[in-house]
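Taking it in order: structure first as structure tokens, then the write-up.
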Amino acid sequence: NSPMAVEEQVVVIYAGTKGHLDDVAVADVKRFESELLEYVRGRHGSLLNELKTSAIPGELDDAIVAFKEQFAASAGAAGRSADPTATDADEMAAAKSQKTLATE
């Protein structure tokens, strides 16, 4: 892994501290981070350049909100649940083996 550029760190930390990750499932946080940076690099590269030389631009929050709408839609389309502990009991099968592993 190579080090993350400071301006990209700012984007990720900003997203977290401003509550944009509050409703993202823990299992999806890494994907959110990766896709957010890809989105900002591709569509809002000027924001990254601005972060190199000045304070956080006001447009950063707007860019994150716009990305989050797409992220939520893609997570819904993939059938992901916001609750990582949610299960459907009908989908769970009975154990197929009665073996118990030896303990140390």
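The table for this structure:
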quantity: Estimated FRET transfer efficiency (residue 62, residue 26; beta-carbon r; R0 41 Å; 0.05); calculated: 0.95
quantity: Estimated D of region 6-76 in µm² per second, where Rh is the Kirkwood radius over Cα pairs and Stokes-Einstein applies at 10 °C, 1.306 mPa s; calculated: 130
quantity: Relative contact order (percent, whole number), region 6-76, Cα cutoff 8 Å, 6+ residue spacing; calculated: 37
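Rule-based calculations on the coordinates, nothing more; no lab input. Here the structure is a predicted model, which means the values were calculated and not measured. Methodologically, a virtual Cβ is constructed for each residue, glycine included, from the backbone with ideal geometry; neighbour enumeration extends over all protein chains shown.
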